[in-house]
Amino acid sequence: MTKYETAILFHPELPEDRRKEFLAKIEGIVASFGGEILKQDDWGIRKLAYPIRKTPNAFYTFLIYSGRRGVVEEVERNIKIFDDVMRHMTSRVDFEIKPAAAEPAPEEGSPPAESGGETPGTPLPADDAPRA
């Protein structure tokens, strides 16, 4: 299935329960097209680059979802009906969603990784400095 990302800018004074109710409705629409919401990222209230409807801020939400043909059209139709959405944009994404993995810690017995040169922050003596 194809993956899509939709950025939604909600009016900043929209109550949280109405926003969550709308996003649950969008999740139901995606599920009806055989897809699923892969990731929902709420950025909170951010300043806009320019005022929209005389409002300088918006609540940013990003949805990454998959679905069959027609899912984007139906999601966007419902977004356009909802009055408290200031702007939206949908794009197709080709990357995989991976869970955040912790970086493995180096073992105590192993030597540190070679950097292939001088260590950062170590100044060279003036007489040994490379000439250009």
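No lab work stands behind these numbers, since they all come straight from the coordinates. The shown structure was predicted, so the numbers you read here are calculated from the model rather than taken from an experiment. Cβ atoms come from the backbone with ideal geometry, glycine included; neighbour counts cover every protein chain shown.
Legend: translational diffusion of segment 9-85 by Stokes-Einstein, Rh = Kirkwood radius over C-alpha pairs, 4 °C, 1.567 mPa s; D = 98 µm²/s. Near N57, once Lys and Arg are set to +1 and Asp and Glu to -1 for all other residues with Cβ below 14 Å from its Cβ, the sum equals +3.
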